[in-house]
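Report on one structure; see the data block that follows.
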Amino acid sequence: MKGLIVKEKTITYNSDLKKPEPGKGEVLIKVHSASANPYDMESAAGIYDNYFKEYGFDQAVQTGLEFSGIIKTQGNKFNIGERVYGYAHLITGCKTHAEYITLPEEYISAIPTGLSFEEAAALPIGILTSLSIYEDLAPKPSDLNVLIIGASGGVGVYATQLAKQRNHQITALVGKGHVEFLKELGAHKAYEYVEKSLNDLEGNYDLILDFSTRFTLDDCRSLLSASGKFIPALPDDQNGGTSEDQHVAYLMVMHGDTNRLESVETLLTSKSLVPVIEEVYNFNNYNEAFRHLQKSGKRGRIILNW
Ligand SMILES: NC(=O)c1ccc[n+]([C@@H]2O[C@H](COP(=O)([O-])OP(=O)(O)OC[C@H]3O[C@@H](n4cnc5c(N)ncnc54)[C@H](OP(=O)(O)O)[C@@H]3O)[C@@H](O)[C@H]2O)c1
């Protein structure tokens, strides 16, 4: 089978990989589309090697988290031929830059009617991360004052739309050229981050979401309300994300979740929540796709197609 493998910290193509066999509770899926994600560059650079070792990771393909595809073996919930999408485990099991993957059924969901494979593959991480923030970590379910840093990126475009659904007041810091687009997605105020930095903002935010991974709790403290929370996308000691400070909430979405994906099905079919795709590449052009991924100014996700 075909897949992308990491060789000497570089992502390369291989057409001679072993097709995985589903274990108990898993299904075999033929991947149609998968996103190229900042995680993939981090993984290729070796940032997750210690975790891979700790969890006994034994797959050839170690990049690719979200995907869409077709079920190839009968499951308990999903049937052969069904169109599904989802998010693999961050560390263990199959990664999605492969022609075939096996995954636990509870990580995947049926693709809602009206969505293409490419659109479906652009959604899972953004949806699951945003729902984890608003449903598990936010101080209340609606009417929050939210600042989204990196709102035009692969997660931010969904964090903005799902904040709108909850009637949050949204301020978005975005990449060049995306102010009007973020307002269309639901931001009440939007600024290009090169024009307006955190220091130029005034506010009393209940949530500050940092998808740019550039800021720390100390950078944001003066902008938080009395019960406000800073949520860094990659929580660590340096940005304060792993501290016990009452103004921090710890974000970590480890794998897909059928129930959570199903919970937004109506929003997706009614187009109240829309996928955002920067560009679609063939897997053969993965080098070009990853070069594009590292450029500034993108909007939403880059998708790879078999
Ligand atoms: N903890 C978790 O569970 C979890 C879940 C999902 C994702 N993540 C992590 O979240 C991070 C973001 O993911 P993503 O897919 O959204 O990445 P992305 O698509 O690269 O988005 C990052 C955004 O930040 C913007 N940005 C860069 N510098 C900025 C600055 N100084 N001020 C404001 N915005 C700035 C970028 O704009 P330009 O491109 O225009 O420069 C881009 O729009 C990744 O590191 C990912 O691994 C963590």
If His89 passes every condition in (1) assigned to a helix (DSSP H, G or I); (2) within 16 Å of the ligand (Cβ to nearest atom) but one, which one does it miss? (1)
Of the residues Lys53, Lys95, Lys19, which single one is among the charged types (D, E, K, R), assigned to a loop (DSSP other than H, G, I, E, B) and out of contact with any Gly (no Cβ under 7 Å at 6 or more places or on another chain)? Lys19
Got a sec? Which strands (runs of 3 or more DSSP E) wholly within the range 99-205 have at least 2 residues that are not assigned by TED's automatic domain parsing to the domain that holds Asn284? 145-149, 169-174, 189-192
When the range 168-203 is examined, which residues are found to be out of contact with any strand residue (DSSP E or B) (no Cβ under 6 Å at 6 or more places or on another chain), near the ligand (Cβ under 10 Å from one of its atoms) and in contact (Cβ under 8 Å) with a residue 40 or more places away in the chain? Gly175, Gly177, His178, Leu198
Among the residues of the range 222-249, write down those that are in contact (Cβ under 8 Å) with a residue 24 or more places away in the chain, within 16 Å of the ligand (Cβ to nearest atom) and part of a loop (DSSP other than H, G, I, E, B). Ala233, Asn239, Gly240, Gly241, Ser243, Ala249
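Kindly provide the set of residues from the range 109-129 that are of a type in the set (S, T, N, Q) and either within 17 Å of Ile29 (Cα to Cα) or more than 14 Å from the chain's Cα centre (by Cα) (or both), ordered by number.
Once the filter is applied, which keeps residues that are of a type in the set (S, T, N, Q) and either within 17 Å of Ile29 (Cα to Cα) or more than 14 Å from the chain's Cα centre (by Cα) (or both), the range 109-129 yields Ser109, Thr113, Ser116.
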Cβ pairs under 6 Å, 6+ apart, first in the range 289-305 and within 11 Å of the ligand (Cβ to nearest atom), second part of a strand (DSSP E or B) and among the charged types (D, E, K, R): Lys298/Glu278; Arg299/Glu278; Gly300/Glu278; Ile302/Glu278; Ile302/Glu279
Please pick out the residue among Val253, Val280 that is touching a residue at least 12 places away in the same chain (Cβ under 8 Å), within 11 Å of the ligand (Cβ to nearest atom) and within 19 Å of the chain's Cα centre (by Cα). Val253
Odd one out for Val274 among (1) within 24 Å of Leu304 (Cα to Cα); (2) surrounded by fewer than 14 Cβ atoms within 10 Å (Cβ to Cβ): (2)
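The values are calculated or read from the model by the stated rules, or taken from the named source; none is laboratory data. Just so you know, these numbers come straight off a predicted model, no measurement behind them. Neighbour counts run over all protein chains shown; Cβ positions are idealised from the backbone, glycine included.
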